[in-house]
1. Enter the accessible area per residue of region 439-490 (Å², integer; probe 1.4 Å; all protein chains in place).
2. Compute the distribution of all C-alpha to C-alpha distances in region 258-303, in bins of 10 Å from 0, and list the percent of pairs in each, rounded to whole numbers.
3. What pairs in LYS204/LYS312; LYS447/LYS572; LYS59/LYS204; LYS432/LYS567; LYS202/LYS315; LYS267/LYS315 have C-alpha atoms more than 29 Å from each other?
Amino acid sequence: MNNENVTLKKRQTWCDIVRGICSLAVILSHIEGMPNAIVMYFTPITLPGFFVLSGYFTKNYGGDLPEFLYNKVLKELILRVMFCFCMITISAKVIANLILHPSTIPEWIFNIIVTFLMKPTGNFFSILVLCSVYFIIVNILCRDKPIPMMLAATALATVGYIITRERIINIWNWDTALVCVFFYIFGYVAKQTGLISKWNFKPKHAIISGGVFFTLTTVFALTIGVKNTEVIIANNTFLSPFVSVPLFASGIAFIISFAHLLPCQSKPVKLLMYIGRHSMIYFMIGGPVLAYVSYFCTLLYQAVHWEFLQIKWIKLPFLFIVTVAVTLIPSLLSDRFFPALNGRIRLPEGVVKKHPKICIAVCASLIILGAGIIAAAVNGMIVPNRIYARHYPIHGVDVSSYQGKIDWHELEAQNVRFAYIKATEGSGHVDKCFSDNWRAVSETDIKAGAYHFFSFESTGKAQADNFIFTVPVASDTLPPVVDLEYYGNHARNPLPAGKIVPELRDLLDALEKHYGKRPVIYVAEPSYLQYIYTYFDDYDIWFRNILTDPPEGNWRFWQYTNREHLKGYDGKETFIDMNVFLGTEEEWESFLIRNNISS
């Protein structure tokens with residue numbers, strides 16, 4: 001009996017150590033200026049290690065879905081992550097605003113929920129929830145049998161690999177979740193079968209697994225480059241399962257072996273274990289805290305001009321240590337005021353479980369409600385981004401022949417301040433309504449510009465000739481826009497940047513030379529990352545994101561929905577695209593002046 005207690009205690013100890021190492025690795029990987037040659041060595045074991053432990057700590061509730069959702073999803077995930085997001089959004093300014101203007105509390109809560117579910121900062125939570133859902137489905141279907149569960153996990157990971165490789169889908173990191181669920185289920189099976197507890201951990205095991213891991217990573221880096229290795233591993237874009245599987249396996253084996261060798265009674269290891277017990281907080285809050293610490297360090301340097309603060313090997317450890325220390329504060333607060341975050345709440349004793357029919361009724365109601373919300377969003381009754389977009393004063397539209405005949409005075413009366421009108425597409429197509437729209441919009445105070453839909457089949461010069469022949473030169477118009485987005489089969493099989501970038505540059509250069517204004521590039525995230533990110537960073541960007549507000553970047557315009565209803569058009573398309581200028585009234589005036597447009 002005593003031996004079992006000792007073994008259990010030891011296993012719990014190494015789990016906390018591994019989680020602590022993974023948490024610190026996340027902070028390290030986000031420090032600006034951290035050498036890629038260092039980042040690439042701990043990135044491969046950070047998320048896989050965390051998800052192995054997530055599965056390791058997952059209990060089998062005997063297929064009881066409500067209890068699993070309550071204990072795993074609600075108690076362990078939602079409560080903790082919502083606490084983290086609240087901590088991220090809290091500041092003295094926010095608190096003062098909530099006190100002075102209580103009516104803004106619902107909006108603040110809504111912003112947290114949207115961030116929680118949809119923004120990039122919520123991806124980690126999304127992956128955790130999806131892994132939990134996949135686990136319970138696989139667990140029920142495979143009847144808790146280890147081999148079928150691992151086969152199902154392998155199949156899901158293969159699908160995730162294919163999705164990542166072919167870029168079939170890019171929403172909520174489903175591709176990453178499908179790969180991480182393999183580690184999640186592996187962790188559960190490892191505990192179920194006693195795989196890890198049976199392993200006789202010795203220094204030689206750490207040396208062997210560590211040697212394999214560091215050798216594979218080094219060979220990987222020498223083959224494709226250090227930067228590419230770090231990016232590929234961090235973004236889960238595996239070149240080959242034959243490389244990634246042994247890389248992750250050896251990395252996880254090394255970190256677990258290493259954790260077993262550390263002296264648990266030493267104060268540094270105890271601190272590491274404490275961080276591990278609060279790994280969720282470090283994963284979610286560590287990044288924002290690091291950003292604040294970096295900003296403070298910059299202000300400190302500007303104030304005192306201590307040159308040593310800019311020395312790389314002093315600044316980087318300083319940022320890391322201070323970030324780790326500051327993030328201890330919300331961890332201590334959660335211990336003191338939010339014990340539920342540490343798993344101390346339980347289902348009330350003696351409560352009779354709900355009858356399955358009640359669960360079916362509740363699930364059916366939620367499905368119907370979800371379908372209703374989706375239908376409302378599809379029909380433009382709900383615009384998720386409207387709450388973000390209303391904070392920007394300059395709103396506008398982009399239109400084409402799909403909107404039919406447009407009453408521009410009617411749009412102007414609905415606070416439309418600017419408009420982009422489709423003129424051309426490829427090397428020969430001209431929008432049939434362009435001439436009428438171009439003439440009619442000039443009779444209003446709406447600032448207008450023309451846009452061209454880029455074709456992957458035509459040369460940049462031919463497309464420029466088509467646009468220049470169609471759109472007259474006028475000083476009092478917005479700069480031309482090139483709409484670069486995937487269409488047809490190009491989304492699944494995008495052409496290489498080496499083929500598209502030169503043609504796009506020819507088009508942009510020709511338009512700038514002819515109209516005397518640097519064009520704006522319209523993109524969605526996939527085309528931006530493929531063709532724009534590293535090639536056209538000196539151009540204004542018009543970003544399309546109809547689910548959340550745009551990420552930080554050099555954006556000038558933002559299309560926040562393609563499902564808005566306005567009065568003043570009668571085309572076969574009942575919706576109209578809505579956009580905002582990402583700036584204030586003063587910045588809008590500066591933008592017009594820069595493009596020689598009278599306000």
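1. Numbers: 2180 Å² over 52 residues.
On a per-residue basis, 42 Å².
2. 24, 31, 28, 15, 2
3. LYS204/LYS312; LYS59/LYS204; LYS202/LYS315
The values are calculated or read from the model by the stated rules, or taken from the named source; none is laboratory data. What you see is a predicted model, and the numbers here were worked out from it, not measured in a lab. SASA here: full protein model, heavy atoms, side chains in, ligands and nucleic acids out. Shrake-Rupley method; radii C 1.70, N 1.55, O 1.52, S 1.80 Å.
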